[in-house]
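One structure is given below, encoded as structure tokens.
The values are calculated or read from the model by the stated rules, or taken from the named source; none is laboratory data. In this text, all values refer to a predicted model and were calculated from it rather than measured experimentally. Reconstructed Cβ throughout: ideal geometry from the backbone, glycine too, with neighbour counts over all protein chains shown.
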Amino acid sequence: MKLKIDGIICEGREGETLMEVAKRHGIHIPSLCYRKGFEGLARCRLCLVEVKEGSRRRIVSSCVYPIKENIEVTVTTDEIQRMRKNIIMLLLLKAPNNSYINKLAEEYKVAAPERYMNPLDDENCILCGLCVKACEKMGTNAISFVNRGIYKKVSTPYDDASKDCIGCGACAEVCPTNAILVEDNEGKRKIWNREFNMVKCSLCGSYFATEEAYKLMQEKLNDNEEPICNECRKKIAADKLKESFANIY
Amino acid sequence: MSFVYEEIIHGYPKEKRYTLAILQDIQKRNGFIPREAMEYLSQYLGLPVSNIYSIATFYKALSLKPKGKHIIKVCSGTACHIRGSGTIKEELLELLGIKPGETSEDGLFSVEVVNCLGACALAPVVVIDDKYYGNMTKDKVKSVIDQYKEERVHG
């Protein structure tokens, strides 16, 4: 399937979203709640683009818009730029002290009206729901959206330490605004009001995962080897590669 | 008094789409949704507790805390507002010594402030359980509450 994004002819398969196709062709579409490997959530709305199909023009969220043959896409028009600015202004009111949102606002030259601004607000969450999705993908489903309207937030049931949580930190890892607090200290990890014991890497001795997350990983991979952290795994792989190339010459 | 939520839950097929119906049923018969019921339901439907909690906190009709024996709804819609529902609300809350959404200490009354009850001709209107009290005044509020306190109103 062929389509044009900003004048560049792109190739895509049926069922792919505009965002996926654009990413593959190296075309940047701004977004907060899109993450590779996740289906689009269409929550942050920064990925708005204009789609021209025949004589019809409309504005769509590229992270959930399935591509069509021969459409012409413009990533940024004056109208879309204005919309993005408005969205960023609202995000800035939601998380006025978040460094990432502030950086974004600076980049787009957006200032929030002062009379609506609470400078003491320490909220970082923009309720994009990526963390909820990540937790679902892990198969743990420990967190979800709670309440609604202005009281909406992401949390565990009753804000308690969830017995479903494995402390993997996937939620914090995907968070675009760094809103989820993970405290790692001397072999203990605190997240979502629960404390976990951590596992040491058998090679370098650094703590790298919680006992629960490591157990799940072992079960999924059907692996009974000694615990090895990501860094050491990379090192082993690199060493293997080096060895195999050394034998060629 | 023990409440058997198991019975209610088992009355429904094991399908995700019945989640809300089951929660509504529990709410109706028990006045609120106990934590254990949510955990039991999660097991029964094979649905994460977090999802059920999410639903239970989303809908205003579902409550996580025990509600009073009588639910008082005070309308604050446009018609009622104009005809002085503000003072009625204040009088009621002062009489019971609670805030909107709370339950009185004796466990008799819960007060909810709602946006319209569809009875604007009766403005200002107060609904207690399923009974409508129209053209409310400060004095009427007191006498109606007293009636309920003395349990002179049934059904």
Touching a residue at least 60 places away in the same chain (Cβ under 8 Å) and more than 14 Å from chain B (Cβ to nearest Cβ): is that true of A:T210 in this structure? no
Please find, within the stretch A:165-199, the residue that is nearest to A:E211 (Cα to Cα) out of those that are within 14 Å of chain B (Cβ to nearest Cβ) and crowded, with 20+ Cβ neighbours inside 10 Å. A:I166
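Per-residue answers, yes or no, for (1) small (G, A, S); (2) under 25 Å from B:K28 (Cα atoms); (3) assigned by TED's automatic domain parsing to the domain that holds B:F32:
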site: B:T78; (1), (2), (3): no, no, no
site: B:S85; (1), (2), (3): yes, no, no
site: B:F109; (1), (2), (3): no, yes, no
site: B:K138; (1), (2), (3): no, no, no
site: B:V141; (1), (2), (3): no, no, no
If you go through A:L41, A:L18, the only one that is out of contact with any strand residue (DSSP E or B) (no Cβ under 7 Å at 6 or more places or on another chain), touching a residue at least 12 places away in the same chain (Cβ under 8 Å) and not assigned by TED's automatic domain parsing to the domain that holds A:K103 is A:L41
Just need a number here: residues in the stretch A:133-152 that are without any contact (Cβ under 8 Å) to a residue 24 or more places away in the chain and on the phi < 0 side of the Ramachandran plot. 7
Checked against (1) touching an Asp or Glu at 6+ places or on another chain (Cβ under 9 Å); (2) of a type outside the set (S, T, Y); (3) touching a residue at least 24 places away in the same chain (Cβ under 8 Å), A:R57 satisfies every condition except (3)
For the stretch B:96-138, give me each residue that is farther than 17 Å from B:G77 by Cα and surrounded by 15 or more Cβ atoms within 10 Å (Cβ to Cβ). B:L96, B:I98, B:E102, B:T103, B:S104, B:L108, B:F109, B:S110
B:K60 fails exactly one of the following numbered conditions: (1) within 13 Å of chain A (Cβ to nearest Cβ); (2) surrounded by 15 or more Cβ atoms within 10 Å (Cβ to Cβ). What is the number of that condition? (2)
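For the stretch A:88-102, give me the residue count where each residue is of a type in the set (A, V, I, L, M) and under 18 Å from the mean Cα position of the chain (by Cα). Explain how you work it out, then say what you get.
Taking the stretch A:88-102 as the starting set, the residues that turn out to be of a type in the set (A, V, I, L, M) are A:88-93, A:95, A:101.
Now drop any that are not under 18 Å from the mean Cα position of the chain (by Cα), which leaves A:88, A:91, A:95, A:101.
Final tally of qualifying residues: 4.
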Where the second residue is in a helix (DSSP H, G or I) and β-branched (V, I, T) and the first is over 15 Å from B:G11 (Cβ atoms) and within 13 Å of chain A (Cβ to nearest Cβ) and lies in the stretch B:24-47, which pairs have Cβ atoms under 7 Å and are six or more apart or on separate chains? B:I33/B:I26; B:M38/B:V49; B:M38/B:I52; B:E39/B:V49; B:S42/B:V49; B:S42/B:I52; B:L47/B:T19
Out of curiosity, is A:N70 of a type in the set (S, T, N, Q), in the same structural domain as A:S99 (by TED's automatic domain parsing), more than 20 Å from the chain's Cα centre (by Cα) and not in a strand (DSSP E or B)? no
Counting only residues that are surrounded by fewer than 19 Cβ atoms within 10 Å (Cβ to Cβ), touching a helix residue (DSSP H, G or I) at 6+ places or on another chain (Cβ under 6 Å) and more than 14 Å from chain B (Cβ to nearest Cβ), how many does the stretch A:123-164 have? 0
Pairing a residue in the stretch A:71-95 that is in contact (Cβ under 8 Å) with a residue 60 or more places away in the chain with any residue that is polar (S, T, N, Q), where Cβ atoms lie under 7 Å and the two sit 6 or more apart in sequence or on different chains, gives A:A95/A:N124; A:A95/A:T177
Does the stretch A:84-104 include one or more residues that are outside the structural domain of A:T210 (by TED's automatic domain parsing), more than 21 Å from B:S42 (Cβ to Cβ) and of a type in the set (S, T, Y)? yes
Which of the residues that make up the stretch B:14-33 are in contact with a helix residue (DSSP H, G or I) (Cβ under 7 Å, 6 or more places away or on another chain) and either among the β-branched types (V, I, T) or closer than 13 Å to B:L45 by Cβ (or both)? B:K14, B:K16, B:T19, B:L20, B:I22, B:L23, B:I26, B:I33
Selection from the stretch B:116-137 of residues under 18 Å from B:E90 (Cβ atoms) and at pLDDT 90 or above yields B:P124, B:V125, B:V126, B:V127, B:I128, B:Y133, B:N135, B:M136, B:T137
